[in-house]
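The values are calculated or read from the model by the stated rules, or taken from the named source; none is laboratory data. These numbers were taken from a predicted model, which means no experiment stands behind them. No Cβ is skipped: glycine too gets one built from the backbone with ideal geometry, and neighbour counts run over all protein chains shown. In case anyone asks, the SASA skips ligands and DNA or RNA and just uses the protein heavy atoms, side chains included. Shrake-Rupley method; radii C 1.70, N 1.55, O 1.52, S 1.80 Å.
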Amino acid sequence: MPFVEALRLAIDAIRQAKLRSFFTLLGIIVSVGFLVTVVAVIQGMNAYVKENITDAMIGTNSFQVRRLPLSLGLSNDDQIREMQKRPLLTHEDAEYVARVLPDAQAVSLQSGWPTPVADVTHRNTTVGSVAIFGVTPAYQTVQDYRFIAGEPLSEPDINERRFVVVLGYDIAEKLFNDADRGIGRMIRVGRTEFKVKGIIAKKGRVLGQSFDSFVLLPITTFESRWGRRKTTTVSVKMERSEELQGAMDRAEEAMRLAHRLRPGEPNDFTIDKADALVAFWKSLTRVLFTVMPAVVCIGIVVGGIVIMNIMLMSINERTREIGLRKALGATRKDIRLQFLVEAMVLALLGGLQGVAGGWLLATLVSTATPLPARVTLWSVGVALALGAGTGVVFGVYPATRAARLDPIAALRQE
């Protein structure tokens, strides 16, 4: 029997029992749809972290010298305890790095974890729980901040410990209604008064989290008020991404000299770039990729068993048809091919419906929630292959059973 003829017979049989065919494939539809949706969300998140969050947190063409790594959450308890013994990074460390990187666009020092929060007040308006950061002027260059009003923090602000602040757009807008009207105004950060020096242009929200809700202080003023943080960070911005690796190597040498580390001693600091944040995120999503196959496999197996049982029931209903076809010259191979193709088409249709449903659900997630979703061709290919493969695997037994029917006994079947 030609394959095209077997395909035509399979489509006719499925068309004659549409509702039964749909319920037969429900397990595969749900499993494939789940696979496409979850992969789309994970892939979308990976791309979103790479394209948006890393630049917002670290800066473009930048790297950080840190006391603790970005991937601290992946370390075991012993490693964390050992890293907690590392010395804090200092202004002198930033100066060492700056001296070996004269070609850097900026080398900054900024406060890190634990980040203090405070109420920010202007007259009768208060914005609660605002993150407060102490920075050097170069930090504003590293982060590619643009100013819609006023001017950035400067070296005299650091050296003289001036009580001035730069506000993120959201804070300025809430305090003054019109963000650029806040320049020169006095505000209270906690219980201390500061003069507003600059307003940073809006950067937007990422996954529902605003990147415009913060206050920047000169780091010397910050440390006099809140003390030194446990994870003070040195950030370096280069002109081109191709320069990053060489600059990181030079910064590592400078830090080892600054900390008087002997050859063979491990670093008591970490150098991270945006790739480290992406890798950390992907290591977290890898857990989902580990769990997902088990869930999908359960659904596929259940769907395959349903297909096998329905096919066996269909063979019992079509025993006389099989007997007649054999009497007219159909071979075992022809009968086996007919029912195997029917099972495969059933499963493939389930896969197609699952892909369509998963694609629709991924689009809905991307539209209705902060979670991005990107449907990838490889996930669609895997889904369709799973569907067709399920039909082949679970259709072999019913097809073989149909091929072995005795034509005379089959024709006598009522």
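The figures follow:
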{"read-out": "In nm, spacing of pseudo-spin labels at Gln79 and Glu253 (7 Å Cα→C-beta vector)", "value": "2.8 nm"}
{"read-out": "Protection proxy ranking of 218-225, 163-170 - average other beta-carbon atoms within 10 Å, highest first", "value": "163-170, 218-225"}
{"read-out": "Dipole-positive endmost among Val120, Leu89, Tyr145 within segment 69-164 (Cβ charges, Cα centre)", "value": "Val120"}
{"read-out": "Virtual spin-label span in nm between Gln245 and Ile305, 7 Å along Cα→Cβ", "value": "5.2 nm"}
{"read-out": "Full-stretch length increase - Thr192, Ile298 - with 0.36 nm per residue and alpha-carbon distance subtracted", "value": "32.2 nm"}
{"read-out": "Relative packing of peptides 226-232, 336-342 - highest average C-beta neighbours within 10 Å first", "value": "336-342, 226-232"}
{"read-out": "Along principal axes, Cα extents of segment 312-400, largest first, whole Å", "value": "63, 22, 17"}
{"read-out": "Surface share of carbon and sulfur [accessible, 1.4 angstrom probe, percent] for segment 230-274", "value": "47 percent"}
{"read-out": "Where segment 90-137 is the region considered: accessible area per residue in Å², 1.4 Å probe", "value": "47 Å²"}
